[in-house]
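First comes the structure, then the notes that go with it.
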Amino acid sequence: MSGTSPALQPPADAVKPVRHPDAPVPGELLGAHYEQCFGCGGAQPHGLHLEARAGEGVTVTAEFTVRPAHQGAPGLAHGGVLVSALDETLGSLNWLLRTIAVTGRLETDFVRPVPVGTTLYLEAEVTAVAGRKIFSTATGRIGGPDGPVAVRAEALFVEVKVEHFVHHGRQEEIQAAMSDPDQVRRARAFEVNP
């Protein structure tokens, strides 16, 4: 990645990430962590509807198709939408660690345009953990999982407690999520970025 900032370089005492024993098995579809999430939620008509799958180790793969509502320049994906897809994919990694974390920093390289109608194939991996900091990388390819790279990113996620969302989120959504009788959905609603 070009121009990586020092904040995205793991410190010398960082450790290799360890997949949680209760993490979804490789190949398992992770599903939406929250139905109202712009990145993965099914209740967002113009959202990405990104679908992520657990990979080997602490990796995930994901896909989303660029629709007309996602364009910036005529016929091309908006750069912010592509960053959202990378952020959502990177955030899904935290489910494999069973850690509640938020995006602290995300740096993106745009390598080639992504036309409307294109499926973006994303891969992400946690590269290191240092205390509450989780370092990860992602790439987005077009034309297939082995196609040319269109976007790539490096990220730093920071582990937080669920109170982070309770104190900063809109009360009605927080209460609705916390009242969900399904324990897994209730926990997953608070797993990634606010």
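Calculated on the alpha-carbon coordinates, the convex hull of the stretch 1-109 measures out at 120 cubic angstrom per residue. Length gained on full extension, T65 to Q9: 17.0 nm, using 0.36 nm per residue less the C-alpha separation.
Which order do the peptides 110-117, 7-14, 80-87 take when ranked by the mean count of other beta-carbon atoms within 10 Å per residue, highest first? Write down the numbers at each step before the final one.
On the way: 110-117: 15.1, 7-14: 12.4, 80-87: 21.6.
Ranking the peptides 110-117, 7-14, 80-87 by packing returns 80-87, 110-117, 7-14.
Once you keep just the Cα pairs under 8 angstrom separated by 6 or more residues, what percentage relative contact order results for the stretch 28-148?
22
Among the protein heavy atoms of the stretch 1-71, carbon and sulfur supply 56% of the accessible surface, probe 1.4 Å, non-protein parts ignored.
Amide H contacts of Q71: H78, each under 5 Å away and 5 or more positions distant or on a separate chain (H built 1.01 Å from N in the peptide plane; Pro and chain starts excluded). Distance between the modelled labels on T119 and H20, one decimal in nanometres: 2.9 nm (7 Å Cα→Cβ projection). Shown is the FRET efficiency for E28 and A73, computed with R0 = 30 Å from the Cβ-Cβ distance and rounded to the nearest 0.05: 0.25. Backbone phi angles across the stretch 141-158, fed through the Karplus curve with coefficients 6.51, -1.76 and 1.60 (θ = phi - 60°), yield HN-Hα couplings of 10, 10, x, x, x, 10, x, x, 6, 9, 9, 8, 8, 10, 9, 10, 9, 10 Hz in residue order; Gly and Pro are listed as x. Here the Karplus relation 6.51 cos²θ - 1.76 cosθ + 1.60, evaluated at θ = phi - 60°, turns the backbone of the stretch 63-71 into coupling constants of 9, 7, 9, 6, 9, x, 5, 9, 7 Hz, with x for every Gly and Pro.
Within the stretch 56-146, the GluC sites (Glu not before Pro) that combine a DSSP coil assignment with at most 14 other C-beta atoms in a 10 angstrom radius are E56.
Averaging Cα coordinates gives a centre for the stretch 69-115 and one for the stretch 1-50; these two points are 10 Å apart.
Full extension from D109 to E172: what is 0.36 nm times the residue separation minus their Cα-Cα distance, to one decimal in nm?
Gain on stretching D109 to E172: 19.0 nm.
The values are calculated or read from the model by the stated rules, or taken from the named source; none is laboratory data. Keep in mind it's a predicted model, so treat the numbers as computed, not measured. Every residue, glycine among them, receives a Cβ derived from its backbone with ideal geometry; neighbour counts consider all protein chains shown. Ligands, DNA and RNA are stripped out before the accessible areas are found, and what is left, the full protein with its side chains, is counted by its heavy atoms. Shrake-Rupley method; radii C 1.70, N 1.55, O 1.52, S 1.80 Å.
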